[in-house]
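Below: one structure, written as structure tokens.
The values are calculated or read from the model by the stated rules, or taken from the named source; none is laboratory data. Worth saying up front: this structure is predicted, and the values here are computed from it rather than measured. Every residue, glycine as well, gets a Cβ built from its backbone with ideal geometry; the counts of neighbours run over all protein chains shown. Each accessible area value is taken on the protein alone, full model and side chains, heavy atoms only, with ligands, DNA and RNA left out. Shrake-Rupley method; radii C 1.70, N 1.55, O 1.52, S 1.80 Å.
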Amino acid sequence: MPKGAVEILCHTISDTKICERFLWIGFNGVMSTLAYVAPNRLLLSNMAALLWRKRLTTSRFTLVGVCVVLTVGLGYVDYLTGYEQTFLLFYLVPIGLGTWFGNFQIGFTFSVMSIVAWVASDVAAGVPTVGLWNIGMALGSYAVFTSLLSKLRTLLNELDQRVRDRTAALKREMAERKRLDQEIAEVADRERRRLGQNLHDSLGQHLTGTALAAQVLRDKLADRSAAEVAHADKVVHYIEEGIDLTRNLARGFFSPELEADGLNVALQGLAENISERFRVPCTFNGDDAVHVGDATTATQLYHIAQEAVINAVKHASANRIDIELAQNGQKLTLVVSDDGRGFPEKLPEPPGLGLRLMAHGASLIGGKLAIARKRDGGTLVICKLNKPQPVH
């Protein structure tokens, strides 16, 4: 058979268990036949089950011993049935076992032994003559069978090894990707804090100083009863609005340094900040008994809630927002709901940056993010995950 045909057969079978199943059927059939003529059938049957359970791989000596017993036993049954009935097909069982669990040399050796047992049993049974042509054809058939089975076993071993190597490489790649994702999330969080701090400390302080200078200028113009006092008031008002805007931006960029058990406090602060900043009632419902147990998980859950409430205010025109954190056994659930105009039935392609950030944050902590429309209007953002196990 050409090599390509053997490879096609190999990929068709694709699993050594299928081939071993066929060998088991033949092995069981031969052992049942031997048990029928053996004086102690139960002992032989139990021995067969034990040998196969050990998969004939404990040692080469065990494998050879089993194949010898099978070959001699088949020769004896062949003698009992007479030379009119041929047992050439049954001899493939010890040949197949020796080839599959051993190698080509063992299989071919038992091919020769099977021919010897076949000829000896027929001669003992009184066969008139044994043709050399029949012996040669039988040995040639056994040799071809042994060669193909050995090749198939080799190909399946190579295929299994490739699968194992690829699986190991994939696991390493997934672990490396998870590590890189964690590093990227940490860097992004640091940069977000840095930007918020710079807005608050640098731009905010600069605008505050400018507002004070403008106020001084306005007071001087007022002392002179100058007509430009109204314009100076507008300048001071605009600068104060810029200060408020800068502070709000800084709050949006700055997220608290969350400890493992500080998520409740942070979410409560987020709700109060949203209510004060956007004049939209935002409440947090959480049990103090809920402990996340991991600072990274707490930080990502906070960012998901922060992104969800910002989207509800800016894009959904919500009049009320509720944040809820609950624990059921080892399951943590974060829910952000609003009464806005609802989530669109068909998402844009590609999804917005906010949705991707929430989904990415959920995947980093092994959670699942779901976004759905509420029946009475509004949007539900739900993140579910298993509670992280504490590291000892």
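For segment 206-213, the count of residues that are without any contact (Cβ under 8 Å) to a residue 40 or more places away in the chain and under 28 Å from H303 (Cβ atoms) is nonzero.
Number of residues in segment 331-349 that are in a strand (DSSP E or B) and either among the charged types (D, E, K, R) or modelled with pLDDT under 85 (or both): the value is 2. Within segment 176-194, residues that are closer than 18 Å to M358 by Cα reach partners that are open to solvent by less than 80 Å² (accessible area, probe 1.4 Å) and aliphatic (A, V, I, L, M) with beta carbons closer than 7 Å, at six or more positions or on different chains, in the pairs D181/L364; Q182/L364; A185/L364. Residues that are assigned to a helix (DSSP H, G or I) and crowded, with 22+ Cβ neighbours inside 10 Å do not occur anywhere in segment 315-324. Of all residues in segment 280-314, those being touching a residue at least 12 places away in the same chain (Cβ under 8 Å) and over 30 Å from the mean Cα position of the chain (by Cα) number 15. Just to be sure before I move on: is T154 of a type outside the set (A, V, I, L, M) and not in a helix (DSSP H, G or I) in the structure I sent? No, not satisfied.
Restricted to segment 115-129, and to residues that are part of a loop (DSSP other than H, G, I, E, B) and without any contact (Cβ under 8 Å) to a residue 40 or more places away in the chain, which residue is nearest to F145 (Cα to Cα)? Walk me through it before giving the result.
Filtering segment 115-129 down to residues part of a loop (DSSP other than H, G, I, E, B) leaves 125-129.
Next, from what is left, pick out any that are without any contact (Cβ under 8 Å) to a residue 40 or more places away in the chain: 128-129.
Working: P128: 29, T129: 26 Å.
This residue is T129.
In segment 117-132, the residue that is modelled with the lowest pLDDT out of those that are aliphatic (A, V, I, L, M) and surrounded by 13 or more Cβ atoms within 10 Å (Cβ to Cβ) is V130.
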